[in-house]
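Contents: one structure, followed by commentary.
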Amino acid sequence: MLQPFFVMIPPAALSSPTTNACQDWPIEHALRGLCEAGYAVVPGFLPVGLLSGLRQGGLEAWEEGRFRPAGVGRGSGLQVRPRIRGDQVLWLDEAPIGGALERLRQGLELLRLAVNRALFLGLVDFEGHLAVYPPGAYYEKHLDRFRDSDLRTLSCVIYLNEAWSPGDGGELRIYLDREASSPSLDVMPQGGTLVVFLSGEFFHEVLPARRQRLAVTGWFKRRE
Ligand code: OGA
Ligand code: MN
């Protein structure tokens, strides 16, 4: 059984230089959680300028109507089921965010390489989307795996919300025991926070959001 582990980093530590080649990305905090528990929560992961660039680009794309209701399943089995998940998504490949997206990709690439070095997961690829949960939307308890494919190996969520408060709902609830409904950990979708977890190990859900909730959600895939 993986032991619960929650990485809480004091803001001062996040602004000090890191010892690896990742500059202002506190990647070692994510690695520590992943190594010890299979998941990590890293507040302040995104540099502040990048956070606002992604947020602004995401909201503009939303206003332009570029998002589509998210589906459940894939290929010919893909279905829109708002009673299971109510978010709307825009795949990063199709998002017109330019420079901010490029910087995000660079950071995620550093994370991929560091995770491969530390955990030998053999991650080769990242696929991800922007996701908007309109007020009232949620995503029921699930595992980030398709029935016919176990390539998604590391789930990765980065929140893009300003000044989220506990009354806004929309927490990510991570179930720490694969076989039981407790213990669990609720993470507020605060702008800049990164959550990573092993896709095949952790059931999770998004509780109903009371205001619009914006995130980048994606998956590192392993070699086929
Ligand atoms: C998902 C998901 C979590 C979140 O999109 O599969 O679980 O906090 N998202 O947005
Ligand atoms: Mn998920």
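Things worth noting here:
- Of the numbered criteria (1) more than 17 Å from the chain's Cα centre (by Cα); (2) loosely packed, with under 15 Cβ neighbours inside 10 Å; (3) modelled with pLDDT under 50, the one residue 6 fails is (1).
- A residue that is at pLDDT 95 or above, within 21 Å of residue 63 (Cβ to Cβ), within 16 Å of ligand 2 (Cβ to nearest atom) and charged (D, E, K, R) occurs somewhere in the stretch 211-220.
- Of the candidates 216, 206, the single residue that is within 10 Å of ligand 1 (Cβ to nearest atom), touching a residue at least 24 places away in the same chain (Cβ under 8 Å) and either touching a helix residue (DSSP H, G or I) at 6+ places or on another chain (Cβ under 8 Å) or of a type in the set (Lys, Arg) (or both) is 216.
- Which listed residue, of 128, 122, 98, 136, is on the phi > 0 side of the Ramachandran plot and either within 16 Å of ligand 1 (Cβ to nearest atom) or among the acidic types (Asp, Glu) (or both): 136
- Restricting attention to the stretch 127-179, the residues that are within 14 Å of ligand 2 (Cβ to nearest atom), under 15 Å from residue 215 (Cβ atoms) and of a type in the set (S, T, N, Q) total 1.
- Among the residues making up the stretch 152-210, those that are farther than 18 Å from residue 31 by Cβ and acidic (Asp, Glu) are 162, 168, 171, 177, 179, 186, 205.
The values are calculated or read from the model by the stated rules, or taken from the named source; none is laboratory data. Predicted, not measured: the structure shown is a model, and the values here were computed from it. Quick reminder, even Gly has a Cβ in these numbers, built from the backbone with ideal geometry, and neighbours come from all protein chains shown.
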